[in-house]
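Everything below concerns the one structure shown next.
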Amino acid sequence: MKIYKATVKNINIAAKLLLKGGIVSFPTETVYGLGALACNKEAIERVYKVKGRPKNNPLIVHVYNLEQILSITENIPNEAYKLIRKYWPGPLTLILKYKNSSNISSIARANLKTVAVRIPNHPVALKLLKVVNQPLIAPSANISEHLSPTKASHVLKDLGNNLNEKKDMILDGGSTSIGIESTVIDFTGNKPTVLRPGGLNITPTNKYVKVSYIESNANNTTPISPGLFKKHYAPNASLRLNAKFPLKGEVWLGFGKDPKNIDNFTKMNLSLTADLDEAAMNLFAMLRLLDKKNIKKIAIKEIPNKKIGIAINDRLIRGSSK
Ligand code: TXA
Ligand code: MG
């Protein structure tokens, strides 16, 4: 399997492959997605298979504009509209009521009466959606339960062997700028609920919507959203969180200035200047690098639980629970 630079020419080729039922991995601002036509049952079945993803875990439908959203959903609540206006295109996924007359494959929705939608904020993703001119499902392009990909090379490593050189394609648009998956908010229950903290930090005091957060949802054993099982986003190495100092046999993954006297340890740093956005951008790529070096134990400095740090901590807690 080869990687293709996301030029206009290659995006056009990718669109043709999608329309013929192929699978295309493409960059979004959060992580790389594994795209297929949202109406094509066989292609979507192959996406589940390629990822090793359980079929009860529904996929996000990616669209280009509001018109497409209106064609697949109904009864969009007022507060959801406000978020759409304010934050789309962007790292936000909304769970809305599915419109039965629409043609999104039921296996993409895991047979639910709801559907997850988002307009991604990335020129390559938007161009591809525009050329294809119909909704695409796109889960993160990694093996199920592993770290999401933030570079095309991550997709190749995880899924290259499972994709078909002739039918499928990996588009390379460089490293993703946010580095952590979209925030998922469910608007189909009694009140809007954040199912997955992500790239966009929506707090309970948000100006546009009154959301409830599932308290420490990383520790839930009953999945509210099927994708919220505890074990997810896991590197091969074991993670020790909120560490002050590395212990013997551990590698240090820092945030902000490193502690003194750790020169004898292998170390990396998510952001020397303690910038949470930079840390989010680096997180999965650094964990993948450490896995590549066959590191067994990683000690990670405490990450402040604010802004995108909330999503970072969510992923770290899940990644550390094995
Ligand atoms: O940033 C992202 O969201 C990336 C990029 C590629 O857009 N995609 C992504 O997809 O992270 P995935 O499949 O890895 O995660 C989708 C999440 C899962 O937790 C899934 O359970 C949830 O969205 N989800 C999808 N449809 C749902 C539904 N109808 N009800 C509740 N949760 C749903
Ligand atoms: Mg995923």
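Net charge around Lys301, counting only other residues with Cβ within less than 10 Å of its Cβ (Lys, Arg = +1; Asp, Glu = -1)? Could the numbers behind the result be given before it?
Working: positive: Lys244, Lys257; negative: Asp258, Glu302.
Residues near Lys301 contribute 0 overall.
When both the stretch 42-67 and the stretch 155-217 are represented by their alpha-carbon centers, they are found 13 Å apart. Taking 0.36 nm per residue of sequence separation and removing the Cα-Cα distance, the Lys9/Asn65 pair yields an extension gain of 17.9 nm. The equivalent ellipsoid that matches the C-alpha gyration tensor of the stretch 238-319 spans semi-axes of 19, 14, 11 angstrom, in descending order. Here is the P(r) of the chain: all C-alpha pair distances, binned every 20 Å from 0, give 33, 58, 9, 0 in whole percents. To put it simply, the accessible area of the stretch 238-319 at a 1.4 Å probe is 53 percent carbon and sulfur.
Solvent-accessible area of Asp172, all protein chains in place: 60 Å² (probe radius 1.4 Å, heavy atoms, ligands and nucleic acids excluded).
Simple point charges give the picture: +1 on the Cβ of Lys and Arg, -1 on the Cβ of Asp and Glu, and for the stretch 238-319 a dipole about the Cα centre of about 300 debye.
Ligands, DNA and RNA left out, the accessible area of the stretch 22-162 computed with a 1.4 Å probe is 47% carbon and sulfur. Debye-formula intensities of the stretch 1-130, expressed as log10 I(q)/I(0) at q = 0.14 Å⁻¹, are -0.62 (one equal scatterer per alpha-carbon, no solvent).
Can you return the lysines within cross-link range of Lys2? Criterion is Cα-Cα under 16 Å, with same-chain partners fewer than 8 residues away left out. Cα-Cα hits under 16 Å: Lys151, Lys157, Lys166, Lys167. In this rough spin-label picture, where each label sits 7 Å from Cα along the Cβ direction, the Lys210-Asn242 distance is 3.1 nm.
Magnitude of the charge dipole for the stretch 3-213, about its Cα centre and with charges confined to Cβ atoms of Lys, Arg (+1) and Asp, Glu (-1), is about 220 debye.
The values are calculated or read from the model by the stated rules, or taken from the named source; none is laboratory data. From a predicted model like this one, the values you see are computed outputs, not experimental measurements. Cβ: placed from backbone, ideal geometry, glycine included. Neighbour counts: every protein chain shown. Quick note on the areas: whole protein, heavy atoms, side chains included, nothing else; ligands and nucleic acids left out. Shrake-Rupley method; radii C 1.70, N 1.55, O 1.52, S 1.80 Å.
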